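For reference, the structure is listed below as C-alpha coordinates.
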Amino acid sequence: MLQGKTAWITGASSGIGEATARRLAKEGVNLVLTARREEKLVALAAELEAKYGVAVALEVADVSDRPVMEVVGEKIAERGGVDILINNAGTMPISPILSGRVDEWEQMIDVNIKGVLYAINAVYSGMAERKSGHIVNISSIAARQTYQSAGVYAGTKHAVRAISDTLRKEAIRFGVRVTDIQPGAVATELPDSINHPKIRDAVKANMYAEGSEILQPDDIANAIYYALTQPAYIDVSELHIRPVIQED
Ligand SMILES: NC(=O)C1=CN([C@@H]2O[C@H](COP(=O)(O)OP(=O)(O)OC[C@H]3O[C@@H](n4cnc5c(N)ncnc54)[C@H](OP(=O)(O)O)[C@@H]3O)[C@@H](O)[C@H]2O)C=CC1
Ligand SMILES: CC(=O)[C@H](N)C(=O)O
(Lines give C-alpha, C1' and ligand atoms only; values in the text may rest on other atoms or scores of the structure.)
(Ligands and ions follow the chains in the order given, each with its own letter.)
Protein backbone atom coordinates (compact mmCIF):
# COMPACT_ATOMS: atom_id res chain seq x y z
CA MET A 1 0.00 0.00 0.00
CA LEU A 2 2.86 2.40 0.79
CA GLN A 3 5.35 0.87 -1.64
CA GLY A 4 7.04 3.53 -3.81
CA LYS A 5 5.73 6.49 -1.81
CA THR A 6 8.10 9.06 -0.31
CA ALA A 7 8.09 10.19 3.33
CA TRP A 8 9.98 12.98 5.08
CA ILE A 9 10.74 12.18 8.70
CA THR A 10 12.06 14.96 10.95
CA GLY A 11 14.07 13.89 13.99
CA ALA A 12 15.05 10.64 12.27
CA SER A 13 18.36 10.23 14.08
CA SER A 14 16.94 8.43 17.15
CA GLY A 15 13.88 7.18 19.00
CA ILE A 16 10.46 7.32 17.33
CA GLY A 17 11.77 8.95 14.14
CA GLU A 18 14.44 6.30 13.61
CA ALA A 19 11.96 3.47 14.32
CA THR A 20 9.49 5.00 11.87
CA ALA A 21 12.20 5.25 9.20
CA ARG A 22 12.89 1.53 9.64
CA ARG A 23 9.18 0.64 9.59
CA LEU A 24 8.45 2.63 6.44
CA ALA A 25 11.60 1.51 4.62
CA LYS A 26 10.54 -2.08 5.28
CA GLU A 27 7.31 -1.28 3.41
CA GLY A 28 9.24 0.07 0.41
CA VAL A 29 8.83 3.78 1.23
CA ASN A 30 11.56 6.10 -0.06
CA LEU A 31 12.73 8.49 2.61
CA VAL A 32 13.95 11.99 3.28
CA LEU A 33 15.55 11.96 6.74
CA THR A 34 16.42 15.11 8.67
CA ALA A 35 17.96 15.87 12.07
CA ARG A 36 21.07 17.65 13.37
CA ARG A 37 23.31 14.59 13.97
CA GLU A 38 24.66 13.86 10.51
CA GLU A 39 26.58 10.70 11.45
CA LYS A 40 23.43 9.02 12.74
CA LEU A 41 21.51 9.89 9.58
CA VAL A 42 24.33 8.68 7.32
CA ALA A 43 24.53 5.32 9.10
CA LEU A 44 20.74 4.86 9.07
CA ALA A 45 20.43 5.82 5.41
CA ALA A 46 23.17 3.37 4.39
CA GLU A 47 21.55 0.58 6.40
CA LEU A 48 18.06 1.13 5.01
CA GLU A 49 19.22 1.46 1.39
CA ALA A 50 21.22 -1.77 1.67
CA LYS A 51 18.54 -3.73 3.52
CA TYR A 52 15.37 -2.61 1.74
CA GLY A 53 16.55 -1.14 -1.58
CA VAL A 54 14.75 2.16 -0.95
CA ALA A 55 16.13 5.58 -1.87
CA VAL A 56 17.10 7.64 1.17
CA ALA A 57 17.99 11.32 0.95
CA LEU A 58 19.25 13.08 4.04
CA GLU A 59 19.59 16.68 5.09
CA VAL A 60 21.21 18.01 8.24
CA ALA A 61 18.62 20.48 9.45
CA ASP A 62 17.64 22.14 12.70
CA VAL A 63 13.84 22.34 12.52
CA SER A 64 13.87 25.63 14.40
CA ASP A 65 16.01 27.29 11.71
CA ARG A 66 13.45 28.80 9.33
CA PRO A 67 15.79 29.55 6.38
CA VAL A 68 17.26 26.04 6.60
CA MET A 69 13.78 24.50 6.63
CA GLU A 70 12.82 26.60 3.62
CA VAL A 71 15.83 25.23 1.73
CA VAL A 72 14.87 21.66 2.71
CA GLY A 73 11.37 22.38 1.41
CA GLU A 74 12.76 23.72 -1.90
CA LYS A 75 14.95 20.63 -2.36
CA ILE A 76 11.99 18.36 -1.65
CA ALA A 77 9.84 20.29 -4.14
CA GLU A 78 12.58 20.01 -6.81
CA ARG A 79 12.49 16.23 -6.36
CA GLY A 80 8.71 16.16 -6.86
CA GLY A 81 7.54 16.54 -3.26
CA VAL A 82 6.71 13.95 -0.61
CA ASP A 83 3.56 11.91 -0.07
CA ILE A 84 3.97 11.77 3.70
CA LEU A 85 5.41 14.07 6.37
CA ILE A 86 6.21 12.59 9.78
CA ASN A 87 6.61 15.76 11.85
CA ASN A 88 8.44 14.18 14.75
CA ALA A 89 11.46 16.24 15.90
CA GLY A 90 11.01 17.46 19.45
CA THR A 91 12.73 18.29 22.70
CA MET A 92 11.71 18.25 26.37
CA PRO A 93 13.98 20.35 28.65
CA ILE A 94 11.35 20.58 31.38
CA SER A 95 11.61 22.31 34.75
CA PRO A 96 9.36 24.10 37.25
CA ILE A 97 8.26 27.50 35.96
CA LEU A 98 9.80 29.17 39.04
CA SER A 99 13.26 28.06 37.92
CA GLY A 100 12.93 30.59 35.11
CA ARG A 101 14.82 28.69 32.43
CA VAL A 102 13.66 31.10 29.74
CA ASP A 103 16.14 29.90 27.10
CA GLU A 104 14.75 26.38 27.43
CA TRP A 105 11.16 27.63 27.17
CA GLU A 106 12.11 29.38 23.94
CA GLN A 107 13.91 26.29 22.67
CA MET A 108 10.81 24.11 23.23
CA ILE A 109 8.58 26.67 21.53
CA ASP A 110 11.03 27.02 18.61
CA VAL A 111 11.53 23.28 18.06
CA ASN A 112 8.20 21.78 19.08
CA ILE A 113 5.86 24.41 17.64
CA LYS A 114 7.71 26.52 15.08
CA GLY A 115 9.65 23.50 13.78
CA VAL A 116 6.40 21.62 13.21
CA LEU A 117 4.95 24.62 11.35
CA TYR A 118 8.08 25.11 9.22
CA ALA A 119 7.94 21.45 8.11
CA ILE A 120 4.23 21.68 7.31
CA ASN A 121 4.86 24.86 5.35
CA ALA A 122 7.64 23.18 3.39
CA VAL A 123 5.39 20.45 1.95
CA TYR A 124 1.71 21.30 2.39
CA SER A 125 1.25 23.53 -0.67
CA GLY A 126 2.75 20.82 -2.88
CA MET A 127 0.45 18.21 -1.37
CA ALA A 128 -2.54 20.52 -1.84
CA GLU A 129 -1.62 21.08 -5.50
CA ARG A 130 -1.31 17.33 -6.07
CA LYS A 131 -4.53 16.78 -4.08
CA SER A 132 -2.83 14.05 -2.09
CA GLY A 133 -0.76 13.71 1.04
CA HIS A 134 -0.67 12.72 4.70
CA ILE A 135 0.80 14.83 7.49
CA VAL A 136 1.46 13.03 10.78
CA ASN A 137 2.33 15.27 13.71
CA ILE A 138 3.79 13.70 16.85
CA SER A 139 2.37 15.58 19.80
CA SER A 140 2.08 13.74 23.13
CA ILE A 141 -0.19 12.61 25.89
CA ALA A 142 0.87 16.06 27.17
CA ALA A 143 -1.29 17.53 24.40
CA ARG A 144 -4.31 16.58 26.51
CA GLN A 145 -3.18 17.13 30.08
CA THR A 146 -0.46 18.86 32.05
CA TYR A 147 2.20 17.75 34.52
CA GLN A 148 4.14 19.66 37.14
CA SER A 149 7.45 20.87 35.65
CA ALA A 150 6.13 20.24 32.13
CA GLY A 151 4.07 23.39 31.69
CA VAL A 152 5.90 24.73 28.66
CA TYR A 153 6.41 21.29 27.08
CA ALA A 154 2.70 20.52 27.54
CA GLY A 155 1.92 23.98 26.15
CA THR A 156 3.88 23.17 23.00
CA LYS A 157 2.18 19.81 22.61
CA HIS A 158 -1.29 21.31 23.18
CA ALA A 159 -0.36 23.72 20.39
CA VAL A 160 0.67 20.88 18.07
CA ARG A 161 -2.65 19.14 18.69
CA ALA A 162 -4.55 22.36 17.96
CA ILE A 163 -2.54 22.92 14.79
CA SER A 164 -3.16 19.31 13.71
CA ASP A 165 -6.91 19.59 14.16
CA THR A 166 -7.13 22.93 12.36
CA LEU A 167 -4.96 21.67 9.52
CA ARG A 168 -7.10 18.53 9.25
CA LYS A 169 -10.23 20.66 8.76
CA GLU A 170 -8.56 23.00 6.26
CA ALA A 171 -6.89 20.18 4.31
CA ILE A 172 -10.02 18.10 3.64
CA ARG A 173 -10.80 19.95 0.42
CA PHE A 174 -7.24 19.42 -0.82
CA GLY A 175 -7.30 15.64 -0.32
CA VAL A 176 -4.66 15.84 2.41
CA ARG A 177 -5.08 13.77 5.58
CA VAL A 178 -3.76 14.78 9.00
CA THR A 179 -3.05 12.61 12.03
CA ASP A 180 -1.98 13.68 15.51
CA ILE A 181 -0.14 10.92 17.41
CA GLN A 182 -0.18 11.28 21.20
CA PRO A 183 2.23 8.87 22.90
CA GLY A 184 2.70 8.38 26.62
CA ALA A 185 6.08 7.28 27.96
CA VAL A 186 8.33 5.83 25.23
CA ALA A 187 11.85 4.55 25.89
CA THR A 188 13.95 7.02 23.88
CA GLU A 189 16.68 9.62 24.39
CA LEU A 190 14.07 12.34 25.08
CA PRO A 191 14.70 12.59 28.87
CA ASP A 192 18.36 13.34 28.09
CA SER A 193 17.16 16.72 26.83
CA ILE A 194 16.18 17.63 30.41
CA ASN A 195 18.94 19.84 31.85
CA HIS A 196 17.45 20.32 35.34
CA PRO A 197 19.30 17.51 37.19
CA LYS A 198 16.62 16.70 39.78
CA ILE A 199 13.83 16.66 37.22
CA ARG A 200 15.86 14.58 34.77
CA ASP A 201 16.65 12.01 37.46
CA ALA A 202 13.02 11.90 38.62
CA VAL A 203 11.67 11.46 35.07
CA LYS A 204 14.15 8.68 34.31
CA ALA A 205 13.50 6.95 37.65
CA ASN A 206 9.78 7.07 36.94
CA MET A 207 10.10 5.82 33.33
CA TYR A 208 12.52 3.06 34.13
CA ALA A 209 11.23 1.94 37.54
CA GLU A 210 11.70 -1.76 38.14
CA GLY A 211 8.82 -3.78 36.77
CA SER A 212 7.32 -0.93 34.76
CA GLU A 213 6.94 -1.64 31.07
CA ILE A 214 6.79 1.48 28.96
CA LEU A 215 6.32 1.85 25.19
CA GLN A 216 9.09 1.20 22.69
CA PRO A 217 9.70 3.39 19.63
CA ASP A 218 8.48 0.52 17.41
CA ASP A 219 5.08 0.70 19.11
CA ILE A 220 4.65 4.26 17.89
CA ALA A 221 6.06 3.41 14.46
CA ASN A 222 3.37 0.71 14.21
CA ALA A 223 0.69 3.23 15.19
CA ILE A 224 1.94 5.61 12.49
CA TYR A 225 1.90 2.75 9.98
CA TYR A 226 -1.71 1.98 10.96
CA ALA A 227 -2.76 5.59 10.38
CA LEU A 228 -0.98 5.73 7.02
CA THR A 229 -2.48 2.51 5.68
CA GLN A 230 -6.18 3.10 6.27
CA PRO A 231 -8.42 3.37 3.18
CA ALA A 232 -8.51 6.82 1.56
CA TYR A 233 -11.93 7.67 3.04
CA ILE A 234 -10.64 7.29 6.63
CA ASP A 235 -8.73 9.97 8.52
CA VAL A 236 -7.20 8.63 11.73
CA SER A 237 -7.34 12.07 13.31
CA GLU A 238 -5.81 11.26 16.71
CA LEU A 239 -4.15 8.25 18.28
CA HIS A 240 -3.58 8.34 22.03
CA ILE A 241 -1.29 5.53 23.13
CA ARG A 242 0.01 4.96 26.64
CA PRO A 243 1.67 2.12 28.53
CA VAL A 244 -0.87 0.25 30.64
CA ILE A 245 0.96 1.30 33.80
CA GLN A 246 0.77 5.05 33.00
CA GLU A 247 -2.22 6.52 34.84
CA ASP A 248 -1.84 10.15 33.64
N1 LIG B 1 9.68 9.57 24.37
C2 LIG B 1 8.46 9.87 24.84
O3 LIG B 1 8.05 9.43 25.93
C4 LIG B 1 7.54 10.72 24.03
C5 LIG B 1 7.98 11.45 22.93
N6 LIG B 1 7.11 12.28 22.27
C7 LIG B 1 7.55 13.06 21.15
O8 LIG B 1 8.12 12.22 20.17
C9 LIG B 1 9.00 12.98 19.35
C10 LIG B 1 10.28 12.19 19.16
O11 LIG B 1 10.95 12.09 20.40
P12 LIG B 1 11.68 10.77 20.90
O13 LIG B 1 11.89 9.85 19.79
O14 LIG B 1 10.98 10.33 22.10
O15 LIG B 1 13.05 11.40 21.42
P16 LIG B 1 14.54 11.39 20.87
O17 LIG B 1 15.26 12.37 21.72
O18 LIG B 1 15.06 10.01 20.75
O19 LIG B 1 14.37 11.97 19.39
C20 LIG B 1 14.21 13.34 19.14
C21 LIG B 1 14.58 13.57 17.69
O22 LIG B 1 14.35 14.95 17.41
C23 LIG B 1 15.53 15.49 16.85
N24 LIG B 1 15.66 16.88 17.22
C25 LIG B 1 15.68 17.43 18.46
N26 LIG B 1 15.86 18.75 18.38
C27 LIG B 1 15.95 19.04 17.06
C28 LIG B 1 16.14 20.21 16.32
N29 LIG B 1 16.31 21.41 16.92
N30 LIG B 1 16.19 20.14 14.97
C31 LIG B 1 16.05 18.96 14.35
N32 LIG B 1 15.87 17.81 14.98
C33 LIG B 1 15.82 17.86 16.32
C34 LIG B 1 16.67 14.65 17.37
O35 LIG B 1 17.74 14.64 16.44
P36 LIG B 1 19.09 15.46 16.57
O37 LIG B 1 19.46 15.56 18.01
O38 LIG B 1 20.06 14.65 15.76
O39 LIG B 1 18.79 16.76 15.93
C40 LIG B 1 16.02 13.28 17.42
O41 LIG B 1 16.14 12.66 16.16
C42 LIG B 1 9.16 14.33 20.06
O43 LIG B 1 8.36 15.29 19.40
C44 LIG B 1 8.63 14.06 21.46
O45 LIG B 1 8.15 15.22 22.07
C46 LIG B 1 5.80 12.35 22.63
C47 LIG B 1 5.34 11.65 23.69
C48 LIG B 1 6.15 10.75 24.43
C1 LIG C 1 4.57 13.47 29.13
C2 LIG C 1 4.75 12.09 28.64
O3 LIG C 1 4.27 11.15 29.21
C4 LIG C 1 5.51 11.80 27.45
N5 LIG C 1 6.49 10.84 27.82
C6 LIG C 1 6.21 12.88 26.70
O7 LIG C 1 7.42 12.85 26.71
O8 LIG C 1 5.56 13.67 26.03
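The values are calculated or read from the model by the stated rules, or taken from the named source; none is laboratory data. Here the structure is a predicted model, which is why all the values come from computation and not from measurement. Backbone-built Cβ (ideal geometry, glycine too); neighbour counts: all protein chains shown. The protein model used for the area step is the full one, side chains on, heavy atoms only, and it has no ligands, DNA or RNA in it. Shrake-Rupley method; radii C 1.70, N 1.55, O 1.52, S 1.80 Å.
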Return the pairs, sorted by first residue and then second, in which the second residue is within 12 Å of ligand 2 (Cβ to nearest atom) and open to solvent by less than 40 Å² (accessible area, probe 1.4 Å), the first residue lies in segment 143-163 and is without any contact (Cβ under 8 Å) to a residue 40 or more places away in the chain, the beta carbons are less than 7 Å apart, and the residues are 6+ apart or on different chains.
A143/K157; A143/V160; A143/Q182; T146/A154; A154/A142; H158/A143
Go through (1) within 11 Å of ligand 1 (Cβ to nearest atom); (2) open to solvent by 40 Å² or more (accessible area, probe 1.4 Å) and name the single condition K131 misses.
(1)
If you scan segment 18-50, which residues turn out to be of a type outside the set (A, V, I, L, M, F, W, C), assigned to a helix (DSSP H, G or I) and touching a Ser or Thr at 6+ places or on another chain (Cβ under 7 Å)?
K40
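Of everything in segment 136-175, what is of a type in the set (F, W, Y) and open to solvent by 40 Å² or more (accessible area, probe 1.4 Å)? Give them in sequence order. Working first, answer last.
First, the residues of segment 136-175 that are of a type in the set (F, W, Y): 147, 153, 174.
Result: Y147, F174.
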Among (1) over 28 Å from P67 (Cβ atoms); (2) within 15 Å of ligand 2 (Cβ to nearest atom), which single condition is D165 missing?
(2)
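Could you pull out the residue among I181, I172 that is away from ligand 2 (no atom under 14 Å from the Cβ) and either among the aliphatic types (A, V, I, L, M) or part of a strand (DSSP E or B) (or both)? First the steps, then the outcome.
Numbers: I181 fails: away from ligand 2 (no atom under 14 Å from the Cβ).
Within the list I181, I172, the selection yields I172.
Which residue, of V123, V152, V116, V111, is within 16 Å of ligand 2 (Cβ to nearest atom), in contact with a strand residue (DSSP E or B) (Cβ under 6 Å, 6 or more places away or on another chain) and part of a helix (DSSP H, G or I)?
On the way: V123 fails: within 16 Å of ligand 2 (Cβ to nearest atom); V152 fails: in contact with a strand residue (DSSP E or B) (Cβ under 6 Å, 6 or more places away or on another chain); V111 fails: in contact with a strand residue (DSSP E or B) (Cβ under 6 Å, 6 or more places away or on another chain).
That would be V116, the only listed residue that is within 16 Å of ligand 2 (Cβ to nearest atom), in contact with a strand residue (DSSP E or B) (Cβ under 6 Å, 6 or more places away or on another chain) and part of a helix (DSSP H, G or I).
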When residues of segment 185-206 are filtered for being touching a Pro at 6+ places or on another chain (Cβ under 8 Å) and either modelled with pLDDT under 95 or among the small types (G, A, S) (or both), how many remain?
3
Kindly indicate whether G126 is at positive phi, touching a helix residue (DSSP H, G or I) at 6+ places or on another chain (Cβ under 7 Å), open to solvent by 10 Å² or more (accessible area, probe 1.4 Å) and modelled with pLDDT of 95 or more.
no
Can you pull out every residue in segment 176-218 that is buried (at least 17 other Cβ atoms within 10 Å of the Cβ), within 11 Å of ligand 1 (Cβ to nearest atom) and over 14 Å from the mean Cα position of the chain (by Cα)?
A185, P191, S193, I194, V203, M207, I214, L215
I'd like to check something: does segment 63-79 contain any residue that is at pLDDT 95 or above, open to solvent by 50 Å² or more (accessible area, probe 1.4 Å), within 24 Å of R161 (Cβ to Cβ) and not acidic (D, E)?
yes
